[in-house]
Amino acid sequence: MSHANPFEGRGRNPAAARRAHIHHHPDRVDFLRRWSLLMIASFPNRETCAVHFGVTFQTACNWFDGFNAPYGQHVDYAIETLPRYAEIMRGQ
């Protein structure tokens, strides 16, 4: 027979576990908002954005909607190819 688990009954309920893993990073939220604005200002539609960066249509949709952040290579490519990058992303 195994020993009783001393941690049993001390776990979080499902709702508390979900809340514990939600991170509120103002910098990330601000970056996502600005990246979304950059995509909207730079491309007439999501398809054009997807082709420009070589990503899936769904990824472009997520960027337009501010749901996901791009990888570093996409940010680097945006710096090099999008004329309004500094204005929108850095406020210059």
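The values are calculated or read from the model by the stated rules, or taken from the named source; none is laboratory data. Just so it is clear, the model here is predicted, and its values are computed rather than measured. All Cβ positions, even for glycine, are placed from backbone atoms using ideal geometry, and neighbour counts span all protein chains on display. Surface accessibility is based on the protein's heavy atoms, side chains included, excluding ligands, DNA and RNA. Shrake-Rupley method; radii C 1.70, N 1.55, O 1.52, S 1.80 Å.
Here region 26-90 has 55 percent of its accessible surface on carbon and sulfur atoms, given a 1.4 Å probe and all protein chains in place. If only the Cβ of Lys and Arg carry +1 and only the Cβ of Asp and Glu carry -1, the dipole of region 26-90 around its Cα centre is close to 120 debye. Among VAL75, MET89, VAL55, flag the residue with its Cα farthest along the positive direction of the charge dipole of region 26-90, charges on Cβ as +1 for Lys/Arg and -1 for Asp/Glu. My answer, from the dipole projection, is MET89.
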